[in-house]
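Peer 1: Okay, handing you the structure first.
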Amino acid sequence: MRGLVARVADLLEDAGVPSPRVDAEALVAWSLGLPRLEWVRLPATGPVVDDAAAPAFLTELADVVERRRAREPLQRIVGSAVFRHVTVRVLDDVFVPRPETEVVAQLAVDEAARLLAGRGGTDAPGPLVVDLCCGSGVIGISVDVEVPGARVVAVDASEAAVRATAANAAAVGSGTQRTLVGDVRDDALLAELDGTVDVVVANPPYIPPDAVPRDPEVRDHDPDLALYGGGADGLEVPRAVVRAASRLLVPGGLFVMEHAEVQAAAVRGALTGTGAFGDVRTVDDLTGRARAVVARRTTGTNQTNPRTATTDGVGD
């Protein structure tokens with residue numbers, strides 16, 4: 001079995017797959033009907049797959065290896081993805097969650113946990129977290145699962161994404177999450193929550209139209225609606241997220257949003273340009289790249305009206 005995994009890893013490496021060994025183990029495990037390979041638990045002697053089952057197993061493995069060699073995402077082949085402490089289903093028309101976004105989720109989790117702890121044993125409702133452009137729902141679900149008592153609202157313009165989020169939340173036991181279809185560019189979105197939200201977190205589409213992703217896993221398999229942010233710089237949707245956050249958040253509320261590395265300065269400028277945010281800073285992802293912005297909703301009264309403000313061009 002180790003030799004088989006090694007051969008599969010070599011094939012994947014030759015095809016340019018970034019993590020050939022990890023993917024090889026995942027594909028072999030999936031073909032065996034196992035969640036993962038745990039070598040210490042395999043029998044010391046005797047075949048893992050008996051002679052009768054071996055041909056079917058090898059045929060299925062060969063098929064999925066070829067799909068991965070063609071750079072179909074591993075998560076789409078096996079039908080699921082692990083994100084922090086949950087495993088979620090991956091559907092064809094929904095963006096595949098990636099490890100880099102775990103930092104964004106961590107910031108939201110930490111803030112929700114801090115607020116919940118500060119409320120002690122009171123009967124006050126738990127912190128309210130809004131996950132904009134939720135995709136498969138992994139950020140909001142992580143908050144809901146890791147901070148029992150938090151309240152989560154997840155929104156996406158894609159009906160497929162909303163269905164995926166709702167299904168994933170139910171599957172992992174996310175108890176308070178409410179999921180709905182909505183376009184973040186609509187200034188009336190969640191208007192009933194204006195000024196009441198403790199955390200707004202988002203991983204919106206942000207790729208510029210001329211910056212086609214290099215990785216085939218992203219370019220050829222993720223839906224365009226989840227990738228391209230609109231406008232010449234890809235920041236049309238992220239700017240709308242900023243405007244929404246400025247009206248939704250309570251004074252002192254936390255805003256966290258993922259973006260492309262080259263957009264860090266422009267996104268910071270968009271936030272400061274509203275007059276509604278302070279303590280604006282960029283945060284690195286797991287690979288050390290500047291991939292997220294964090295800010296606090298200020299408490300001052302001399303601020304731009306978020307329903308009429310535009311941040312287009314700010315920080316360009």
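The values are calculated or read from the model by the stated rules, or taken from the named source; none is laboratory data. Values in this document were obtained by computation on a predicted structure and should not be read as measured data. Virtual Cβ from ideal backbone geometry, glycine too; neighbours counted across all protein chains shown. Calculation scope for accessible area: heavy atoms of the full protein, side chains included, ligands and nucleic acids excluded. Shrake-Rupley method; radii C 1.70, N 1.55, O 1.52, S 1.80 Å.
Peer 1: For residues that are more than 18 Å from Thr87 (Cα to Cα) and open to solvent by less than 20 Å² (accessible area, probe 1.4 Å), tally how many sit in region 162-188.
Peer 2: Here the count works out to 2.
Peer 1: Okay, next question. What tally of residues in region 110-141 results from selecting those that are assigned to a helix (DSSP H, G or I) and of a type in the set (Asp, Glu)?
Peer 2: Qualifying residue count, region 110-141: 2.
Peer 1: Anything in region 168-184 that is farther than 15 Å from Pro97 by Cα and either assigned to a helix (DSSP H, G or I) or among the aliphatic types (A, V, I, L, M) (or both)? List them, or say none. Break it down stepwise before answering.
Peer 2: Let us first name the residues in region 168-184 that are farther than 15 Å from Pro97 by Cα, namely 170-184.
Correct list: Ala170, Ala171, Val172, Leu180, Val181, Val184.
Peer 1: Within the set of pairs 6+ apart or on separate chains, which have a first residue in region 11-33 that is farther than 15 Å from Arg71 by Cα and free of Cβ contacts under 8 Å to residues at least 40 places away in the same chain, a second that is among the charged types (D, E, K, R) and assigned to a helix (DSSP H, G or I), and C-beta atoms under 6 Å apart?
Peer 2: Ser31/Glu60
Peer 1: Can you list the helices (runs of 4 or more DSSP H) found entirely within region 1-89 that contain at least 1 residues being open to solvent by 40 Å² or more (accessible area, probe 1.4 Å), modelled with pLDDT of 90 or more and in contact with a Phe, Trp or Tyr (Cβ under 8 Å, 6 or more places away or on another chain)?
Peer 2: Working: elements: 2-14, 20-32, 54-69, 74-78.
Result: empty, no element qualifies.
Peer 1: Give me a count of the residues in region 268-306 that are surrounded by 15 or more Cβ atoms within 10 Å (Cβ to Cβ), modelled with pLDDT under 95 and within 20 Å of the chain's Cα centre (by Cα).
Peer 2: 3
Peer 1: Exactly one condition in (1) exposed (fewer than 14 other Cβ atoms within 10 Å of the Cβ); (2) closer than 19 Å to Arg243 by Cβ; (3) at pLDDT below 95; (4) not aromatic (Phe, Trp, Tyr) is false for Glu192; which is it?
Peer 2: Failed condition: (3).
Peer 1: Within region 228-247, identify whether any single residue is modelled with pLDDT under 95, buried (at least 24 other Cβ atoms within 10 Å of the Cβ) and within 25 Å of Val17 (Cα to Cα), and answer yes or no.
Peer 2: Looking through region 228-247, none of the residues is modelled with pLDDT under 95, buried (at least 24 other Cβ atoms within 10 Å of the Cβ) and within 25 Å of Val17 (Cα to Cα).
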